[in-house]
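Peer 1: Submitted below is the structure of interest, expressed as structure tokens.
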Amino acid sequence: MTHAAPPSGDLEAELFELAPVSLWLQDLSALKARLDAWGAAGMSDLRAWLRHPEHLLAVQMLIRVERVNRHTLRLYEARDAAELFAHIPAIFDDPHATALVEVLCQLWAGATQARLVTRNRTIGGRVLDVSYAGRMLPGHEDDWARFLISVEDITPREELRRREDALARFAASLFERSPVPTLVRDESGLAAMLARLRAAGVQDLAAHMDAHPDWAEAARASLVVVGANAPALALFGAADSSALAHHVAVGLGAEARRVFAAEALALWAGTGHGARDVLFRRIDGSALHLKAQYAALPDQGDGRRLVQIALTDIGENKRAEARLETLSLTDSLTGLLNRAAYAAHLARLEAARVVPTSVIVADLNGLKAVNDRRGHDAGDRLIRRFGRVLAERVPASAHAARIGGDEFAILLPGTGPDGAAALALRIAEGVERANDGAGTLLGVSLGIGTWTGEGPLKAAVTRADARMYAAKRGRRGRVRVA
């Protein structure tokens, strides 16, 4: 690279010299002639050609700098042009001359302008991020004799961009490496749909969704999962983010619709999502009980509304709660319902007016005598034996319960007196069969009552109880039914 002394005295030179940006005027005519010669000799791929060090050095030596302005000297910390040119290799600091090759390839392809962002160094060694813009001056498109370059110091902007990129990479690594299953969801479509509803004068979103299920489904489908970390993929059993996004998009049943309704209402009210317990489905269809915690992400500058959703698998908690609930409603000796569960079913059937509903009340005969003579373990064995009879004979639609020490009750929703009597006979047969070969024989008295909707359901229970006691007093045999 050689330097020619600039002409002086004209206005053009003065404007060039005092410009508030770094300006370089280059003569690339000799370089252009060399490229033309190489092209005539068969060179077709300039970029590949310039990968050869000798070819690259040849073009670098043919660049002639006509002049630079004062701002260029200040930018590169040079006392004068001579010092600047003496440090050209250190200023551009790239053995592959990547920026030069890119500009030459653009010009060789027919462009008259070239732009790029690259890095230079000052004479003192400070790194500069620069925006490079070159333009072939009019009249020199063919010979490349006048090529004007402006160089802008964009170091502060690029440092900010690099910091932002580093923060973005850090945030992405936290997302990917987090042990907590996490999704990122784009809610822009839903937000736009809600805005259109408001503009149309809709005030009650819940009523609107009930009246327009197609709108609700389209709104739900507008929620797009755009990111999922590895724990989230494992949680749902998805191979990748796109598979999970598709799984969510096609719908997860009634549970997903209920979750969406709650989310949409929260957005409509402006309260945000917060946290909620939700029931989703894995890819294989199995239930997935989760606690979802939502957090809106900062504006990404692209107009999207992104929400991060952290998921906690609370399935074991739910199963433990279910087990505790079952235990709280189960008689520990027989495995049948206990009195609390019986009372709950009784109240539900009466509130729903399930008619007819029949009741069978049962009481073990002579249990006190067995306890007195043989001990309470023997009495407990009789209670468990009758519990097994009920578990085997009572249909799944019925509710069999132990409601006292030796008292049992069976609620039969949708069953009239004939059906209840038939079941009582099957229970009697079961008791007789359970007694075969038993050392202590089981005896039981049964009473039947039917509710047809007149008066309270408990009145039918009272009637069944009275008939059970009548059977106990007035009939003989191991099993007595009234």
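Peer 1: Work out the charge dipole of the chain with +1 on the Cβ of Lys and Arg and -1 on the Cβ of Asp and Glu about the Cα centre, then indicate which of 18, 155, 275 is farthest towards its positive end.
Peer 2: About the Cα centre, the residue reaching furthest to the positive side is 275.
Peer 1: Are there chymotrypsin sites (Phe, Trp or Tyr not before Pro) in region 389-482 that DSSP puts in a loop and that have at most 14 other Cβ atoms within 10 Å, and which ones?
Peer 2: none
Peer 1: With charges set only on the Cβ (+1 for Lys and Arg, -1 for Asp and Glu), what does the dipole of region 178-314 come to about its Cα centre, in debye to the nearest 20?
Peer 2: Dipole magnitude for region 178-314 comes out near 100 debye.
Peer 1: Given contacts defined as C-alpha pairs under 8 Å and at least six residues apart, what's the relative contact order of region 329-481, whole-number percent?
Peer 2: Result for region 329-481 is 31 percent.
Peer 1: Please state, as a whole number in µm²/s, the translational diffusion coefficient that the Stokes-Einstein equation yields for region 2-155 at 37 °C and 0.692 mPa s, with Rh defined as the Kirkwood radius across alpha carbon pairs.
Peer 2: 204 µm²/s
Peer 1: Assuming 0.36 nm per residue, please report the length gained on full extension of the stretch residue 54 to residue 246 beyond their Cα-Cα distance.
Peer 2: 63.7 nm
Peer 1: First obtain the Kirkwood hydrodynamic radius of region 213-265 from its Cα pairs, then insert it into the Stokes-Einstein equation at 4 °C and 1.567 mPa s, and state the resulting D in µm² per second as a whole number.
Peer 2: 110 µm²/s
Peer 1: Using 0.36 nm times the number of residues separating residue 469 and residue 433, minus their current alpha carbon distance, what extension gain do you get?
Peer 2: Length gained between residue 469 and residue 433: 10.6 nm.
Peer 1: Using +1 at the Cβ of each Lys and Arg and -1 at the Cβ of each Asp and Glu in the chain, identify which of 259, 175, 320 lies farthest towards the dipole's positive end.
Peer 2: Checked the options; the winner is 320.
Peer 1: Ok, one more. If you wrap the chain's Cα atoms in a convex hull and average its projection over all directions, what's the area in nm²?
Peer 2: With every direction weighted equally, the projected area is 42.4 nm².
Peer 1: To the nearest 20 debye, what is the magnitude of the charge dipole of the chain about its Cα centre, counting +1 on the Cβ of each Lys and Arg and -1 on the Cβ of each Asp and Glu?
Peer 2: The dipole of the chain has a size of about 3840 debye.
Peer 1: Also, quick follow-up: Report the Cα-based extents of region 146-255 along its three principal axes, largest first, to the nearest Å.
Peer 2: Extents along the principal axes, in whole Å: 70, 41, 26.
Peer 1: If you take the C-alpha gyration tensor of region 178-314, multiply each eigenvalue by 5 and take the square root, what semi-axes do you get, largest first, in whole Å?
Peer 2: For region 178-314, the semi-axes come out at 25, 17, 13 Å.
Peer 1: Computed over the Cα atoms, what is the radius of gyration of region 290-417 divided by 2.2 N^0.38 Å, N being its residue count?
Peer 2: So the Cα radius of gyration is 1.71 times the expected 2.2 N^0.38 Å.
Peer 1: Under the √(5λ) rule applied to the eigenvalues of the Cα gyration tensor, what semi-axes describe the equivalent ellipsoid of region 247-335? Give them in Å, descending.
Peer 2: 34, 15, 12
Peer 1: Where does each of 192-201, 357-366, 329-338 land if you order them by average Cβ count within 10 Å, highest first?
Peer 2: Top of the packing list down: 357-366, 329-338, 192-201.
Peer 1: If you don't mind, there's one more thing I want to ask. Any idea how far the Cα center of region 216-239 sits from the one of region 347-379, in Å?
Peer 2: 51 Å
Peer 1: Alpha carbon centre of region 255-304 versus region 76-91: separation in Å?
Peer 2: If you average the Cα positions of each part, the centres end up 60 Å apart.
Peer 1: Based on the mean of other Cβ atoms within 10 Å per residue, sort peptides 376-383, 284-291 so the most packed one is first.
Peer 2: 376-383, 284-291
Peer 1: Further, regarding this structure: Let me have the relative contact order for the chain, percent, based on Cα pairs under 8 Å that are six or more residues apart.
Peer 2: 9 percent
Peer 1: Could you give the nm distance between label points at residue 10 and residue 45, where each point is 7 Å from its Cα heading toward the beta carbon?
Peer 2: 4.3 nm
Peer 1: Based on the mean of other beta carbon atoms within 10 Å per residue, what is the order of 320-326, 386-392, 420-426, 48-54, most packed first?
Peer 2: 386-392, 420-426, 48-54, 320-326
Peer 1: Could you work out the helix-only [θ] at 222 nm for the chain, with each DSSP H run of four or more residues adding -39,500 (n - 2.57) and the total divided by the number of residues, to the nearest 500 deg cm²/dmol?
Peer 2: Helix contribution divided over all residues of the chain: -15000 deg cm²/dmol.
Peer 1: Please list 3J(HN,Hα) in residue order for region 25-36, calculated via the Karplus relation 6.51 cos²θ - 1.76 cosθ + 1.60 where θ = phi - 60°; whole Hz, with x for glycine and proline.
Peer 2: 10, 10, 10, 10, 5, 5, 4, 4, 4, 5, 5, 4
Peer 1: Report D for region 329-481 in µm² per second (integer): Stokes-Einstein, Kirkwood Rh on Cα pairs, 20 °C, 1.002 mPa s.
Peer 2: Diffusion coefficient, whole number: 139 µm²/s.
Peer 1: Answer with one residue from 405, 145, 223: the one whose Cα lies farthest towards the positive end of the charge dipole of the chain, charges on Cβ with Lys, Arg +1 and Asp, Glu -1.
Peer 2: 405
Read the figures in this text as sums done on the coordinates, not as results from a lab. Keep in mind it's a predicted model, so treat the numbers as computed, not measured. Virtual Cβ from ideal backbone geometry, glycine too; neighbours counted across all protein chains shown.
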